[in-house]
1. Could you tell me which residue out of Val392, Pro55, Gly105 lies farthest along the dipole of the chain toward its positive end? Charges go on the beta carbon: Lys and Arg +1, Asp and Glu -1, centred on the Cα centre.
2. Rule-of-thumb check for the stretch 63-201: C-alpha Rg over 2.2 N^0.38 Å?
3. Extending each Cα 7 Å along its Cβ direction at Thr325 and Ala337, get the distance between those two points in nm, one decimal.
4. Just flag the GluC sites (Glu not before Pro) in the stretch 181-277 sitting in loop per DSSP whose Cβ has no more than 14 other Cβ atoms within 10 Å.
5. With point charges of +1 on the Cβ of Lys and Arg and -1 on the Cβ of Asp and Glu, referenced to the Cα centre of the stretch 63-201, which listed residue (Val158, Cys89, Ala137) lies farthest in the positive direction of the dipole?
6. If Rh is defined by the Kirkwood formula over all Cα pairs and Rg also comes from Cα, what ratio Rg/Rh do you get for the chain?
7. Please report, in debye to the nearest 20, how large the charge dipole of the stretch 63-201 is about its Cα centre when each Lys and Arg carries +1 at its beta carbon and each Asp and Glu carries -1 there.
8. Which whole-number percent is the relative contact order of the stretch 268-322 (Cα, under 8 Å, 6+ apart)?
Amino acid sequence: MAFRRTEHHRGRRVLATLLFLLAPAAAAEPDRFSASELERIASHGPWPTAWMRDPGNRVSANPAAVHLGYRLFFEPRLSANGRVACATCHDPARGFQDGRATARGLTDGVRNTPGLFDVRQQRWFGWDGGHDNLWSASLRPILDQGEMGGSAGRTAHVLRGSAALACHYRQAFGKAPTAGDSDLLVNVAKAIASWQETLLSPPAPFDHFRDALERKDVAAAAAYPAAARRGLKIFLGRGQCATCHAGPNFTNGEFGDIGVPFFIKPAGVDPGRQGGIKRLLANPWNLLGAYNDDATGGNTTGTKFVRPEHRNFGEFKVPTLRNLTLTAPYMHNGSLATLRDVVRHYSDLDEDRLHADGERILRPLNLSEAENADLVAFLESLSPATPLPPPVVPAPVPACRAP
């Protein structure tokens, strides 16, 4: 009898859980999801998405280039003082960010250092979209006098002066590093980009919940915290967050004005996307230039037709929401220290800070403290539940094992 009662109660719990997860939403039961909400939850996956090589980078997915790029990413000799590498500001232990409000020495504006996980998913690079490809974005900090302060000549010297680096270069590009310094600089950036393309974040608790709903796995879906479910409903509905933070990577890849001040002391004003478009079009390494390896020109459409407009002033890129717990502080200027601060920004949004052409979908959410906490719980569920392991060191090509 006791066994039957236990089985009976277990069956009732399973049925109740199924109804809880899949039943239509009701005002009195805010954790349930409607059919429309379930469809929108499904649109944020599956994760990870299918990976595609970069047609504008001929060494994308090339094992020798990946290993070369890994070594160059951690190579301080590329900098003017021999002490700064890409990894100095993009620390693997911090989600390839630096934990600072604003980047060290950035000369084109006071901005937060972005993380690099899933960077291959992006369409535009930098907070202002001043680059249309990853290798061009990888090249800029090497030359920026406020960051690494390097040069084409220094980069070529480092590459030619190391037997191992020269060997990996030969394996990746099919010839020794004897080309001109400018060509070698671009190829170094393409190798670094080929390694960054491998930085993929693992599935997060949200992904496990989303996948469980897809396959109607009640037990697995029930493991997702109730607070995160309530926060997800705010994210999908009242908050309208998914309008911009769409798809598996939780971003539409575009730009918006969200009421974060763009005045800088002592630099003046950060024009955001408007300035980024101008820099992009003037950049000799954009996809319209001679260094694009896509012979079809199929990857140039965005760059070919983009033009700076008044509405772009003060717009900044909509970032991915993945790995948020690793990349504080937040916003383009690092002005918000915690996720709770970010949620409060949208809850108490000052619409007067939005310029006339700003994101008019934004309205103050006026969330309660409990609702703030729920939305934070959801955002936290977009980061891995356990610490990420250090990046895998790419295996060297056998012919290049010399130190």
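Please treat every number below as a calculation from the coordinates, not as lab data. Only a predicted model underlies this, so the values are computations on that prediction, with no experimental measurement involved. All Cβ positions, glycine included, derive from the backbone under ideal geometry; neighbour counts span all protein chains shown.
1. Val392
2. 0.99
3. 2.0
4. On the way: sites: Glu197, Glu214, Glu254; in loops: Glu197, Glu254.
Loop-located and lightly packed - Glu254.
5. Val158
6. The Rg/Rh ratio comes out at 1.02.
7. Working: 15 positive and 12 negative charges, 68 e Å.
With Lys and Arg at +1 and Asp and Glu at -1, about 320 debye.
8. Taking the mean separation of contacting Cα pairs over the length of the stretch 268-322, I get 57 percent.
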